Amino acid sequence: MIEAVAVSRGGRDPAGTSWVDADQALTALYSAHYRHLVRLSTFLLHDQAAAEEVVQDAFVAMHGAWRRLRDPEKAEAYLRQAVVNRSRSGLRHRKVEAKYAPKPAPDAPSAEYGAMGLLERRTVIDALRSLPQRQREVLVLRYYGDLSEAQIADTLGISQGAVKSHASRGMAALRSTLEQLS
Amino acid sequence: MNTPYDDPHGELLSRALKAEAETIRPAGDGLSRIRDRVERRRGRVRWLMPVASLGTAAALTGGAFGAYNAFSGDDQALRTGRLAHTGPAQHSSAAPSATQPTTPSASTTAPSTARSTDPATAVATRKGEAAAPATPVWPFHSAAYVAMWQQAYADSGSQPWHLDAGATATAFVDSLNLPAQDLGVATTTPVSNGTVDVRVTTASTADGTPRVFAIVRLTRWGAGANAPWEVIGVTAPGLSIDSPAAAAAVASPVTVRYTLDGGVEEDVYTSAWDSGGRLASGHATVGGGAQQATLSFGRARAAAGYVVVADVQSASGTATLTRLAVTPVRLGTSATPTNPQGKQYPPYFVAVQDQRVGLFYSKLGGFGRWLTDPQPGGGVSSPQLTADDRWVYFLRGGGTGVQNLMRVSINGGAEEQVVTDADTITSFAVGGDHGQFLAYVVTKDGSQALVWRNADTGQGGTYQQHSVPPEFGRLAWSADGQHLTAQVRTGTAWELRTYAVATMSSLDSELTTRPDRSAPSYDAHGNLYYVQAIDATHWELLQYDGSRERHVSTITLPEQASPEQAAVDITPDAYAAMVSTPNGHVYRVNDGVAHLLPTDATEASW
């Protein structure tokens, strides 16, 4: 679908202007969302290097679509959609060789989120991996991304009813794992 | 933005994800890589744009932008996710399937409810309107649940997928946590009035085409347009469960015998489930032919259960479910409980704090979330969870002397008044595997009466002793609903009296000759637990098995308290107890140790 883009607002709009806007938007959005999106994609892909590429793809595309987005909130939703769509296994293809290895952080449990040890976290992450793709997406968007049902529905392009049902089935499947932790 | 977690485990999942997220640190060169690629694209566009069109709006729209889109084919695909075909049809969760029979099931008639023997009592009775399927497997296991969903659906359209046989079938397979991706439905075939067979597919790893791996049989539970679908069994060509037979009564350890046709190296997963979840699981790599597996489990929370046999094949490192069979069974609860996985207590308890009912974590007493809203002038007390963890019943004070029996779903929402014709309820107990037994104390004609009811059968009664009217304190149901033990006071001392519910006569027991016992609670085997003060700062937790009293544990209190208003809640397998003192201390007692939980909550129960 190609949207009509109103470039002119009653005056000349030199080719350069929109690119500058897009550049500024890119920098601002990168600072605000890049890390979070890499984490989101890593939960879906289980491969941090691939996740970084996916998110970089999304930012590049967002930059290109800035003319019709023109709004930080729309851009954020666009980025999230692009990242989630691109994070389905089998869809990604390496365009750029990874020249770096992401360094894992030291293994101290985060004090802010309670003393949940590494082993317990791993159990949850592994259980999440075994879920069907949709359920995993809904649970990660809800419980990591703190998104509302409406936002999740919009990101995934499904109905809110479907979001509820994926969430409840996913949690039912994870229940025995989570019960052992508390 | 923060979303209220409507699943008690949601917070745990969130904590795990957020803690894990902190260990994911992106490399620092993301922005420069993005900029590099943007510049390269920009270069292409500029190269394409004729110099003469620079500055012309129309040309920019059709030219530069159009050209840009041609190069960024990924853009649209990224947004719509349509880089690859979507595979088999996803199960719908919306409108009822067109293949559902429209005539009400012939097997469901609505037996009229046996009204209470006490016409003054108008407890919201769950009507036995739907003749239950003989072998319910999933998701409902009693008419009470069907009615609860139907009410929620009528009120707010909640979970409409229950009206779609295909969606219910795939959701059931999802719930088994097996390696089955991209579940779909091949066909839905009516079998008889109100029963259908749904052929469920999963994407084969080899070529991505959907393959049927099971035939899920469902039947409608209830009459009318919003009677939900219930799975009653699953079969698969080439895999049969030879024993246990459908609806057979089994007890742990269960030997599951099954036959696989063909197959060289099959990964077979067997498991036993009840309505509370998986009880036990096993795995073996087998060839074709007759096989068996043994499953051992501890407490079963409900009589209705099912056994699952799943045949999984691995191709190029990915596991795919190829055959699935499920047989309903009746689980015995009379066996001595063993818990081979290691003894456990329930992960959370309900309790009162700040005049509200809250959910707390059993391990450390940490706060989970609120279940009721604050209401001015009305405090809450005595929260009790039903054994299936679906409802919390509690008392809410309203004004002078007013106290109503209420309940709220574990998922939150509006409180419902359970007893509508009495405003002076001073104590109550809810029991049975899904809260079907209810007993409460009302004041009638100046003295107290004990009212009880079985919501499933509609039977009930009232016990009132006019000659020397006793005062009733805490109540406790035995697991089978046959006995009710009440804390009773006729003089100055509280004592425990056990009533046989069928006759509402009190049992002669040694217990009544021993005063100063309070806070009764039953385990799954008819043993009664309660506390007695040793001195002002020491209580003893005791057990009575019908003939003998035994010491269980000593609880040392940080300050003086009397056990008359204490509450004790024992787990069905008697592994652990939750003890609450009237001055706000909560103890989790297990392995002979009373752990004082650092919480401000009171009146804790599991």
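When the charge dipole of segment B:522-578 is built from unit charges on Cβ atoms (+1 for Lys and Arg, -1 for Asp and Glu) and taken about the Cα centre, the candidate among B:Y544, B:Q532, B:P563 whose Cα reaches farthest toward its positive end is B:Y544.
Near B:T188: Cβ cut-off under 14 Å, other residues only, Lys/Arg at +1 and Asp/Glu at -1. The net charge is +1. Residue-wise HN-Hα couplings along segment B:466-475, as the Karplus relation 6.51 cos²θ - 1.76 cosθ + 1.60 with θ = phi - 60° gives them from phi, are 7, 5, 10, x, x, 9, 9, x, 5, 10 Hz; Gly and Pro carry x.
Eigen-decomposition of the gyration tensor built on the alpha-carbon atoms of segment B:362-428 gives equivalent ellipsoid semi-axes of 22, 14, 11 angstrom, largest listed first. Taking Lys and Arg as +1 and Asp and Glu as -1, the other residues whose beta-carbon sits under 13 Å from that of B:F172 total -1. Once the C-beta distance of B:R25 and B:A154 is scaled by a Förster radius of 45 Å, the resulting FRET efficiency is 0.35 to the nearest 0.05.
Label-to-label distance for B:V593 and B:Q355 is 3.8 nm, based on points extended 7 Å past Cα in the beta-carbon direction. Applying the Karplus relation 6.51 cos²θ - 1.76 cosθ + 1.60 with θ = phi - 60° to segment B:432-448 yields 3J(HN,Hα) values of x, 5, 9, x, 7, 9, 10, 9, 8, 10, 10, 9, 10, 6, x, 10, 8 Hz, where x marks Gly and Pro.
Here the Karplus relation 6.51 cos²θ - 1.76 cosθ + 1.60, evaluated at θ = phi - 60°, turns the backbone of segment B:282-289 into coupling constants of x, 8, 8, 9, 10, x, x, x Hz, with x for every Gly and Pro. Distance between the pseudo-spin-label points of B:L507 and B:E39 (7 Å out from Cα toward the beta carbon): 8.6 nm.
Taking all protein chains together and a 1.4 Å probe, the residues A:K164, B:K18, B:K444 rank A:K164, B:K444, B:K18 from largest to smallest accessible area.
Between B:A134 and B:D600, the contour length at 0.36 nm per residue exceeds the alpha carbon distance by 163.1 nm. Compared with the direct C-alpha span, the chain from B:A246 to B:H466 gains 74.1 nm at full extension, assuming 0.36 nm per residue.
Were the residues from B:E265 through B:Q560 laid out at 0.36 nm apart, the gain over their Cα-Cα distance would be 99.6 nm.
Note on B:D242: accessible area is roughly 80 Å² with a 1.4 Å probe, heavy atoms of protein only. Across the protein chains, with a 1.4 Å probe defining accessible surface, the residues B:E495, B:E230, B:E265, A:E76 rank B:E265, A:E76, B:E495, B:E230 from largest area downward.
On a 1.4 Å probe surface of the protein chains, which of A:Y34, B:Y153 comes out largest in accessible area, and what is the full order?
Sorted descending by solvent-accessible area, the residues read B:Y153, A:Y34.
As a calculated quantity, the FRET efficiency between B:A284 and A:A32 at R0 = 56 Å, using C-beta atoms, amounts to about 0.65.
The values are calculated or read from the model by the stated rules, or taken from the named source; none is laboratory data. Here the structure is a predicted model, which means the values were calculated and not measured. Note that we place each Cβ from the backbone using ideal geometry, even for glycine, and neighbour counts take in every protein chain shown. Each accessible area value is taken on the protein alone, full model and side chains, heavy atoms only, with ligands, DNA and RNA left out. Shrake-Rupley method; radii C 1.70, N 1.55, O 1.52, S 1.80 Å.
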